[in-house]
Amino acid sequence: MSQFFTVSVLLATLATAIRFAVPYLLAALGETIGQRSGVLNLGVDGIMLLGGFGAYYTVLETQSHLAGIGVGIAVGLFMGIVYAYVTVFLHAEQGISGIGIFLFGLGFSDLLFQELVGTPKPIKPLPTLDKLPGVGGIFEPLIDIPVVGELLFDHNLLTYFALLLVPFVTWLLMKTTFGMNVRAVGENPQAADSLGVSVAKTRFIAILIGSSLAGLAGATLSLQLAIFQHNLTNGLGFIAVALVYFGAWQPRWVLAGALLYGLVTATRIRWQSLDIIPQSASDIAAMAPAIITILALVLLASRVRGPAALTKPFSRH
């Protein structure tokens with residue numbers, strides 16, 4: 001245990017925790033916007049799997065991370081259109097529809113992988129700042145800064161995008177007309193409708209944003225790991241949904257929850273590499289994120305109040 005509590009190991013663990021937190025954060029921020037509009041999407045994990053495979057296969061074929069990221073977002077956007085049409089316009093039950101999206105994403109991503117790839121093939125991982133073509137040399141001195149260099153600057157661009165997205169989503173929800181409409185239809189869609197706000201349009205757009213970010217989260221996961229395999233997310237999307245509750249629908253607390261999960265995962269992996277956790281207990285240790293999720297939901301269930309119209313369909317007739 002003592003070898004873990006050294007400066008170099010602790011800093012490396014924290015840096016890894018930040019990287020692990022990014023897919024959680026992207027998916028949870030998107031789900032926050034959707035839930036604030038009154039829509040619960042339990043299909044996040046399935047969208048992440050499809051977005052992750054789309055990004056992975058694109059990079060495998062084109063060697064372009066930018067193209068892979070674009071495909072991941074596009075896949076999420078398409079699945080968002082499907083889910084929004086089913087839940088907003090057909091008024092299908094959100095929970096069942098979301099599970100359907102998850103099962104489709106789980107099965108179809110595996111089918112595509114088996115047919116198009118077959119066995120896991122590594123791809124180029126997302127480059128960190130110092131490895132960016134043309135400008136990497138600018139950032140190399142930053143990574144060499146004692147103590148904070150690796151912690152703050154040894155990351156890829158999507159990590160910084162996800163962190164900057166937290167204040168942006170806060171501003172979007174709290175300071176813009178669109179955000180006011182999102183919060184209004186999530187609390188009282190009948191009142192919002194009486195004031196001329198299109199509940200269907202607002203929820204539709206919120207779902208598209210959330211699903212696009214879920215697709216980006218899946219792309220980030222597969223490109224960070226530089227691999228794809230069956231059920232790559234391993235339930236990460238469901239934890240992202242739980243993070244919205246954990247964060248009380250506030251982006252800054254969603255960030256805190258994502259960092260906590262990233263830290264738990266990074267610590268577990270580091271302890272396994274240092275043989276602090278015996279091999280026989282590795283499966284139990286892998287359950288830590290799920291256990292934290294359950295405990296957080298139990299403790300917070302009676303202390304936080306979500307949007308009043310969450311999961312409730314709206315019809316003018």
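Only the coordinates and a few stated rules stand behind these numbers; no lab work does. This one's a predicted model, so the numbers in the text were calculated from it and none came from an experiment. Don't worry about glycine lacking a Cβ; one is built from the backbone with ideal geometry, like all the others, and counts go over all protein chains shown.
Some observations on this one:
- Debye, to nearest 20: dipole size of segment 23-232, +1 on Lys, Arg Cβ, -1 on Asp, Glu Cβ: 460 debye
- Proximal lysines to residue 201, defined as alpha-carbon separation beneath 22 angstrom and excluding residues fewer than eight positions away on the same chain: 175, 312
- Ascending count of other beta-carbon atoms within 10 Å, so fewest first, for 239, 292: 292, 239
- Cα-based shape type of segment 78-201, given that a ≥ b ≥ c are square roots of the gyration tensor eigenvalues and the cut on a/c is 1.5: oblate
- For segment 100-166, averaging the sequence separation of C-alpha pairs within contact (under 8 Å, six or more residues apart) and dividing by the residue count gives a relative contact order of 24 percent.
- For the chain, the mean residue ellipticity at 222 nm estimated from helices alone is -23000 deg cm²/dmol, where every DSSP H run of n ≥ 4 contributes -39500 (n - 2.57) and the total is divided by all residues, rounded to the nearest 500.
- Ranked list, fewest to most other Cβ atoms within 10 Å of each Cβ, for 31, 187, 150, 140: 140, 187, 150, 31
- Three-way shape call for segment 23-232 based on the alpha-carbon gyration tensor, with the a/c threshold at 1.5: oblate
- Rounded to 10°, Cα long-axis angle of helix 65-84 versus longest principal axis of the chain: 30 degrees
- Each residue in 62, 220 was given a count of other beta-carbon atoms within 10 angstrom of its own, and listing them fewest first yields 62, 220.
- Alpha carbon centroid spacing (whole Å) that separates segment 21-88 from segment 162-211: 19 Å
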